[in-house]
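Engineer: What follows is a single structure, and I will ask about it in a moment.
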Amino acid sequence: MNGAILDLAVAIPHHYVSHEELARARDVEVDKYQQGLGCEEMAICGPGEDTVTLAAEAAWRLFEHHPEARERVGLCVVGTESGVDAAKPVAIYVHRLLGLPPNCRAFEVKHACYGATAALQMASAWVQQHPKRLALVIASDIARYERGSAGEPTQGAGAVAMLVGKAEERDALLQLSPISGAFASDVYDFWRPPYQSEALVKGKYSMNCYLEGLQGAYEDYCRQAGDEPTPDYLLYHVPFPAMARKAHRRMSDLRGLSEDLYLDDLERRVEPALWANRKIGNVYSGSLYLALAGLCERKGAHLIGRRVALFSYGSGSCSEYFTGRFGEGIYRFHRHLHSVLEARTEVDVDQYELLHDASLKMERNHSFQPALPHQGQAFTFLGIRDHERCYRQNFAEDAVALSNARPTALHHTRPFQRA
Ligand code: CAA
């Protein structure tokens, strides 16, 4: 038996801009964004938020509901393509901010939007050897494209934290099947050189690479799985919701479904997962798992016993198609997506541009400008001092309980020693 996702939680930035506003400002027909791309709102990171705070906040939300799980974590992996340092992984900041046990493997996995899937598969195998321990897998990303570019409306940000363990099939939220199909191909469809803050992308070509990856991974899966009943739900990587529709069109073609059947099938098996992606935007490595959280929130206990297929695509590229079955662990899932969405503040395009600039400036200038925490924000990125990133735990009491060792508010260690 493979490992299982026991529970998952989502964190998102505290601001968003609507696509209606963005379309007006860019002089584009709003239907292009809303119908053509399937987007309604886009999450925007402010200067106090980064890949680390999003990752830590998602995990913190998970441990809020499972405080006993923290001390069992022996593996902490963050899948991200917007890491904050070329050497130091996001996972080690999370490890510290959450007070995870010292006897723990903590590292980062990068392969564009595929990183978290590689981490999840690795964790799923690891828990077989460590059945009493738990793995924490987090997908955390900030999707940034150049302002005014075709990619701009497909930005977003967020994190999804997953607790992975060995469970009886009934007790899992999602029991992962050991079979998975993979497909790799060296392409330049979307990438971010180290000297760039925003991704470079060949938009249309990237969509073809995605579909090629889907077909390659799915065919590999079918060769191994043989005749299996079709899954009850399909979750695709969601750079923008209309891409999931295109992916399902390709899958339907592979299965020989007519247009009428495809549309009905799309509504029934794909659409129920996409509502949160429409309101948050691309979360790169987290988009697929945001769709999983969206499905859990929308369908709840109805999912028990149902099968789901997941397709992960990372530009560059690596693709994976795998499946799982929902169990009674779905009762563990705390439906929080609606409330975190409602707690956000809407900004107009001018404010979005200011936030965008301010957070990039903090990175580029290595500046230290503590931002006030937003209501409910668990961790704040304070800035960079002496080349070290500083974070604050905003819940002082919880900070003590979380870290046990260091009730200090400011996570800043020895100054950087220049040679
Ligand atoms: N009303 C309704 N629909 C409209 C419309 C209108 N007024 N105007 C245009 N549309 C439709 C178009 O017909 C099109 O739909 P179809 O693809 O079904 O034909 C859709 O809106 C988009 O229009 P365009 O193709 O003209 O859009 P564009 O060229 O400006 O940009 C994009 C689209 C290439 C996806 C761009 O947003 C982009 O580069 N995004 C980033 C790259 C990306 O997300 N790639 C996905 C695969 S790679 C991946 O998945 C990894 C990852 O996370 C990045």
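The values are calculated or read from the model by the stated rules, or taken from the named source; none is laboratory data. The model shown is predicted, which means the values in this text are computed figures rather than measured ones. So basically every Cβ, Gly included, is an ideal-geometry build from the backbone, and we count neighbours across all protein chains shown. Keep in mind that these areas ignore ligands, DNA and RNA; they rest on the heavy atoms of the full protein, side chains included. Shrake-Rupley method; radii C 1.70, N 1.55, O 1.52, S 1.80 Å.
Engineer: List pairs: first in segment 224-251 and of a type in the set (A, V, I, L, M), second in a loop (DSSP other than H, G, I, E, B) and open to solvent by 20 Å² or more (accessible area, probe 1.4 Å), Cβ under 8 Å, 6+ apart or cross-chain?
Structural biologist: Close Cβ pairs (under 8 Å, with a partner that is in a loop (DSSP other than H, G, I, E, B) and open to solvent by 20 Å² or more (accessible area, probe 1.4 Å)) amount to A242/L37.
Engineer: Has segment 4-12 got any residue that is farther than 27 Å from L176 by Cβ and open to solvent by 20 Å² or more (accessible area, probe 1.4 Å)?
Structural biologist: No, every residue in segment 4-12 fails to be farther than 27 Å from L176 by Cβ and open to solvent by 20 Å² or more (accessible area, probe 1.4 Å).
Engineer: Does segment 289-312 include one or more residues that are of a type in the set (D, E) and in a helix (DSSP H, G or I)?
Structural biologist: So far as segment 289-312 goes, yes, one or more of its residues are of a type in the set (D, E) and in a helix (DSSP H, G or I).
Engineer: Looking at segment 57-94, which of its residues are farther than 18 Å from F333 by Cα and crowded, with 23+ Cβ neighbours inside 10 Å?
Structural biologist: Result: V73, C76, V77, V78, G79, T80, E81, V90, A91, Y93, V94.
Engineer: Residues of segment 122-159 being of a type in the set (A, V, I, L, M) and more than 16 Å from the ligand (Cβ to nearest atom), which ones?
Structural biologist: Matches in segment 122-159: M122, A123, A125, V127, L134, A135, L136, V137, I138.
Engineer: If I ask for residues that are among the β-branched types (V, I, T), within 16 Å of the ligand (Cβ to nearest atom) and more than 30 Å from E363 (Cβ to Cβ), which ones from segment 165-220 would you list?
Structural biologist: Across segment 165-220, there are no qualifying residues.
Engineer: Let me ask you something else. Among the listed residues G324, G281, G305, which satisfies the condition of being within 16 Å of the ligand (Cβ to nearest atom) and at pLDDT 95 or above?
Structural biologist: G281
Engineer: On to the next question. Where residues in segment 347-371 are acidic (D, E) and assigned to a helix (DSSP H, G or I), which of them is least open to solvent (accessible area, probe 1.4 Å)?
Structural biologist: The extreme case among them is E353.
Engineer: Name the strands (runs of 3 or more DSSP E) wholly inside segment 1-115 in which the number of residues that are within 16 Å of the ligand (Cβ to nearest atom) is 2 or more.
Structural biologist: 41-44
Engineer: Which number in (1) surrounded by fewer than 18 Cβ atoms within 10 Å (Cβ to Cβ); (2) in contact with a helix residue (DSSP H, G or I) (Cβ under 9 Å, 6 or more places away or on another chain); (3) part of a helix (DSSP H, G or I) marks the one condition that Y218 misses?
Structural biologist: Going through the list (1) surrounded by fewer than 18 Cβ atoms within 10 Å (Cβ to Cβ); (2) in contact with a helix residue (DSSP H, G or I) (Cβ under 9 Å, 6 or more places away or on another chain); (3) part of a helix (DSSP H, G or I), Y218 breaks only (1).
Engineer: Something else now. If we keep just the residues of segment 121-135 that are among the hydrophobic types (A, V, I, L, M, F, W, C) and assigned to a helix (DSSP H, G or I), which is most open to solvent (accessible area, probe 1.4 Å)?
Structural biologist: Looking at residues that are among the hydrophobic types (A, V, I, L, M, F, W, C) and assigned to a helix (DSSP H, G or I), I get M122.
Engineer: Moving on. Tell me, yes or no, whether segment 146-162 has at least one residue that is closer than 19 Å to C76 by Cβ and of a type outside the set (A, V, I, L, M).
Structural biologist: Checking segment 146-162: at least one residue is closer than 19 Å to C76 by Cβ and of a type outside the set (A, V, I, L, M).
Engineer: State yes or no: is S339 among the polar types (S, T, N, Q) and within 25 Å of L274 (Cβ to Cβ)?
Structural biologist: Spelling it out, S339 is indeed among the polar types (S, T, N, Q) and within 25 Å of L274 (Cβ to Cβ).
Engineer: Please determine, by comparing only the residues of segment 322-346 that are assigned to a helix (DSSP H, G or I) and hydrophobic (A, V, I, L, M, F, W, C), which one is surrounded by the fewest Cβ atoms within 10 Å (Cβ to Cβ).
Structural biologist: For segment 322-346, the residue satisfying everything is L341.
Engineer: Here is a further query. Out of all the residues in segment 393-400, is one or more assigned to a helix (DSSP H, G or I), touching a strand residue (DSSP E or B) at 6+ places or on another chain (Cβ under 6 Å) and at pLDDT below 95?
Structural biologist: Yes, that holds for at least one residue.
Engineer: Scan segment 136-150 for residues that are surrounded by 22 or more Cβ atoms within 10 Å (Cβ to Cβ) and within 16 Å of E41 (Cα to Cα) and jot them down.
Structural biologist: I142, A143, R144
Engineer: So the check is Cβ under 9 Å with 6+ separation or different chains; which pairs have a first residue in segment 96-116 that's closer than 21 Å to H130 by Cα and of a type in the set (K, R) and a second one that's open to solvent by less than 10 Å² (accessible area, probe 1.4 Å) and assigned to a helix (DSSP H, G or I)?
Structural biologist: R105/A91
Engineer: Being open to solvent by 60 Å² or more (accessible area, probe 1.4 Å), under 29 Å from D227 (Cα atoms) and among the hydrophobic types (A, V, I, L, M, F, W, C) is the filter here, so list the residues in segment 184-212 that pass it.
Structural biologist: Residue satisfying the conditions is A184 alone.
Engineer: Sticking with this one: Suppose the filter is under 15 Å from T80 (Cβ atoms) and surrounded by fewer than 23 Cβ atoms within 10 Å (Cβ to Cβ); does R170 pass it?
Structural biologist: So R170 fails the test.
Engineer: Are there any pairs, at least 6 apart or on different chains, whose C-beta atoms fall under 9 Å, with the first in segment 193-211 and farther than 22 Å from A157 by Cβ and without any contact (Cβ under 8 Å) to a residue 24 or more places away in the chain and the second open to solvent by 60 Å² or more (accessible area, probe 1.4 Å) and of a type in the set (G, A, S), and if so, which?
Structural biologist: Correct list of pairs: empty, since none qualify.
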